[in-house]
Each structure stands twice: as structure tokens, then as C-alpha cells.
Amino acid sequence: MKVDKLYLRDFRNYQESALEFAPGVNLIVGDNAQGKTNLLEALAYLGSGRSFRTQKSGELVRFGGDFAEISGEVTSQGRAQRLRWVVFPAARPRQIYCNGVKKKTAGELSGVLQTVLFCPEDLLVLRAGASARRRLADNALCQLRPNYEAALTEYGRIMEQKNRILKDRFENPALLEILPEYNARLCRVGALLISYRARFLDALGKAAAGYHAAFSGGGEELTLEYKTVSTVEDPFAPVQALEEALSRHLERHGRAELETAQCLTGPHKDDFICSLSGLPLKTYGSQGQVRTAAISLKLAQRALMERESGETPVLLLDDVLSELDAGRQDFVLNQIREGQVFITCCEPGRFTRLGKTVEIGNGQVLSVNDIN
Ligand code: ATP
Ligand code: MG
């Protein structure tokens, strides 16, 4: 799959821009704060309706703008397709169009345009806190499984309501009567999340192990281990069993939740542990090992998506190449020969041999140089 054209209106710092891209490598160059990452954000949003930077879609609208428009022409599923999003600054719901037809949910666009983002923070994801790893897994899963995205959104909503009950019950003790209903719903949806995550992380780990072995000459064996709530003994168990395990867990922590007035544990605290030959990278990994494993995870994510849809997702490399030494750069570039890639960097001369160069300044295209 590839993005042929992108049109932005009042998106971030883009007032109005129409861009055309090459089917292979597209280099986005420009000084700091000119709009390079914004452009990648627009490409990711075009496919998924999700920003990798913010949950608040209003932030996408250019300061002072009435609405933002992100439209694109995409080649995927064997044909040319058009995607269009109109996003409003306030609570007004966004509008979604695919090939001129209005859609209700982002899930209906699933598979039209999939993207994989790789940025410098991802290089350290195996050292970071659990939330960064959860975000990585959630982002990939949401694109792979529209039902997962629906469950994740639902889980977040129920948790928000439960937190409100826990806080407001001091003033309004009657609220405690509805708490069991919220707990039951949390367990039902939480069990689904665990089931999806277990399968996804298993597949991701196996694919990443292959890349890591190729990368490190086969000396180290990479493994992923999914960590979820302690009462879940087997995350591959049927959803019903997971739901019961979650319920036992909530019972144990019920009192503490009331005392602290917040949702304490659950799938919203999930994590995964990445190890090399049995040693957790978070504690024992060298800087190089942590980076190499992170690259393997990203390439694995792309491979899984490719396996599912039969098409290579668009890769978005935000500032990441300049963070890598020559050996790792070559490994990444060799692995991504197929498919469309967007690479941002600040130094104008670097990597220009790779493909089309688009120079960005203050939310506008300053120049285009296509070597082909
Ligand atoms: P760097 O090389 O530092 O990563 P960049 O080219 O990737 O820079 P971006 O993150 O794409 O920069 O753009 C940042 C600029 O966009 C900032 O100056 C920011 O103020 C501006 N910006 C972000 N959101 C909006 C918005 N809603 N309206 C107008 N401008 C915005
Ligand atoms: Mg940037």
C-alpha cells in the first residue's frame, strides 16, 4: 500500500498544502519545528484516525482554524482509494469519508492504509515505563483488529466512570450500589483485551526473534513475555476464564480501591518483558542491545501487519535514522526495501540518495527533488 497524494488544510501548522509522494522512499527534510513530524502524524491519522501524539483531536486543528481536513489518495487492495477526515476543534464529532462515502467509525476503514511509526523514543521503549510498551502494543493491535480498538475505547470509558464513582462516593454514598455493575463490565471487556494481547505479543515475539537473530548473528535469543494481572495464570485461556480471573483480582483489591479512590490494577497496567537469552533487557541490556531489540520489534510489527493484510504497511521513520550508527542504519534500510517509507531528518544532505526529497518550511513545501 502507498500514499500517492496528501492534502492538508488547517492541520497543525499547515494552512493549505498538497503533496505528492514517491512509491518508495520519501525524505522529509527541514529545520526544527517546521512541520516534519506533523506531516507523519497526518499520514498516520489518514489511515487510522488516531494521532500518535495526542488523544485530543482538537489539537490537530491549526490555531484559529474552524476545522482541519486531512485527505489523501492511496493505492491499496489493488485499487486507488480516497480517504478524507474533517476534524473540529471542539466536541463536534469528526467526519470520515472513504471513496466519497461517509463512514460512521474509523474501524470501517480498516486495512485501507496501515502505517508503522518508528521514532527515537521507540529505541528506548524497552527501558521505559510500562505505559510506553502498552502504547506500542495497543497502537499495533488497534490497526490489526478493529474489534480490539472498540474494546480498548470501551475499557477506557468504563474505567473513567468507575474512577468518578470512587471519587464522588464520599459525597454520594448511594453510588456504591452501582459499583459492582461497573466492575463486571470492566472484567468482561478487560478479558477481551488480555486475550488479544496474549496472541499478538506471542506472534510479535516470534517475528522479532527472527530479526534479532539476523541482526546479532544468531548469538542472542530474543523472547517476549506478556505480564498481566496476577490472577490470570494463562492469558491464552478462554475469555470466560479470563473474566473470572479478573473478577477475583478486583475482589482482592476492592477495599484498597475504595480507600485510595482510584482504579488500581487491571489490564490498564499490563506490560511485556523483552529478554535476550533469558536476561531481561530492561535491567541487563546494554544500550546497543536495547536499541537492536527495539528495531527488531518494529520490523516485526510491520511484518505481522503485512502477513495479515497481504500488503506492506507504510513505514514512518521520524528522526530515527540519524539516531542509529552506520551498521544499524544499513540493517534497517536493507530490511525496508519493499513498500513506501517516509523518513524525516534535519540535515538536508543526508540520505538524499535514497529517494524523493520534500523540503518543509513553516508548514509549507519549499522544494521537491525527485531523483527518479
Ligand atoms: P523537529 O525537527 O524539532 O522534530 P518538526 O519539523 O518535526 O521539528 P513539528 O513537530 O512537525 O516539527 O511541528 C511543530 C510545530 O507545529 C511547532 O512550531 C508547533 O507550534 C506547531 N503546531 C503544532 N500544533 C499546531 C496547531 N494546532 N496549530 C498551529 N501550529 C501548530
Ligand atoms: Mg519532529
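The values are calculated or read from the model by the stated rules, or taken from the named source; none is laboratory data. Source: prediction; values computed, not measured. Cβ atoms come from the backbone with ideal geometry, glycine included; neighbour counts cover every protein chain shown. To get the accessible areas, we keep the full protein, side chains included, count just its heavy atoms, and leave off ligands, DNA and RNA. Shrake-Rupley method; radii C 1.70, N 1.55, O 1.52, S 1.80 Å.
Considering only residues that are away from ligand 2 (no atom under 15 Å from the Cβ), under 23 Å from Glu16 (Cα atoms) and of a type in the set (S, T, N, Q), which ones fall in the stretch 310-363?
Thr357
Condition first: within 11 Å of ligand 2 (Cβ to nearest atom), in a loop (DSSP other than H, G, I, E, B) and touching a Lys or Arg at 6+ places or on another chain (Cβ under 9 Å). Can you find one or more residues in the stretch 25-46 that meet it?
The answer is yes; a qualifying residue exists.
Among the residues of the stretch 258-271 satisfying the criterion of being touching a residue at least 12 places away in the same chain (Cβ under 8 Å) and assigned to a loop (DSSP other than H, G, I, E, B), which is most open to solvent (accessible area, probe 1.4 Å)?
Filtering the stretch 258-271 for residues that are touching a residue at least 12 places away in the same chain (Cβ under 8 Å) and assigned to a loop (DSSP other than H, G, I, E, B), the one most open to solvent (accessible area, probe 1.4 Å) comes out as Gln262.
Where the second residue is open to solvent by less than 50 Å² (accessible area, probe 1.4 Å) and aromatic (Phe, Trp, Tyr) and the first is touching a residue at least 12 places away in the same chain (Cβ under 8 Å) and lies in the stretch 338-363, which pairs have Cβ atoms under 8 Å and are six or more apart or on separate chains?
These pairs meet every condition: Gln340/Phe21; Phe342/Phe21; Ile343/Phe351; Cys345/Phe351; Lys356/Phe21; Val358/Phe21; Gly363/Tyr14.
Identify, by number, the condition in (1) basic (Lys, Arg); (2) open to solvent by 20 Å² or more (accessible area, probe 1.4 Å); (3) within 13 Å of ligand 1 (Cβ to nearest atom) that Arg82 doesn't meet.
Arg82 satisfies all of (1) basic (Lys, Arg); (2) open to solvent by 20 Å² or more (accessible area, probe 1.4 Å); (3) within 13 Å of ligand 1 (Cβ to nearest atom) except (3).
With the requirement that a residue be in a helix (DSSP H, G or I) and touching a Gly at 6+ places or on another chain (Cβ under 7 Å), what does the stretch 201-257 give you?
Within the stretch 201-257, just Leu246 meets the criteria.
Please work out which residue is nearest to ligand 1 (Cβ to nearest atom), limiting yourself to the stretch 54-73 and to residues that are β-branched (Val, Ile, Thr) and within 20 Å of the chain's Cα centre (by Cα).
Thr54
Please go through the stretch 319-372 and give me each residue that is under 21 Å from the mean Cα position of the chain (by Cα), more than 19 Å from Asn38 (Cβ to Cβ) and within 16 Å of ligand 1 (Cβ to nearest atom), ordered by number.
Once the filter is applied, which keeps residues that are under 21 Å from the mean Cα position of the chain (by Cα), more than 19 Å from Asn38 (Cβ to Cβ) and within 16 Å of ligand 1 (Cβ to nearest atom), the stretch 319-372 yields only Glu323.
Within the stretch 313-372, how many residues turn out to be open to solvent by less than 80 Å² (accessible area, probe 1.4 Å) and in a strand (DSSP E or B)?
Final tally of qualifying residues: 18.
With at pLDDT 95 or above and either open to solvent by less than 50 Å² (accessible area, probe 1.4 Å) or farther than 25 Å from Arg92 by Cβ (or both) as the only criterion, which of Thr54, Thr37 stands out?
Among Thr54, Thr37, only Thr37 is at pLDDT 95 or above and either open to solvent by less than 50 Å² (accessible area, probe 1.4 Å) or farther than 25 Å from Arg92 by Cβ (or both).
Please determine, by comparing only the residues of the stretch 10-31 that are surrounded by fewer than 16 Cβ atoms within 10 Å (Cβ to Cβ) and not charged (D, E, K, R), which one is nearest to ligand 1 (Cβ to nearest atom).
Gln15
Give the residue, chosen from Ala91, Ala22, that is over 22 Å from Gln143 (Cβ atoms), more than 16 Å from ligand 2 (Cβ to nearest atom) and in contact (Cβ under 8 Å) with a residue 24 or more places away in the chain.
Criteria check complete, one pass: Ala22.
Would you please list the contacts, defined by Cβ atoms under 9 Å and residues six or more apart or on different chains, that run from a residue in the stretch 272-291 that is farther than 15 Å from Leu224 by Cβ and free of Cβ contacts under 8 Å to residues at least 12 places away in the same chain to a residue that is open to solvent by less than 50 Å² (accessible area, probe 1.4 Å) and in a strand (DSSP E or B)?
Tyr284/Ser275; Tyr284/Leu276
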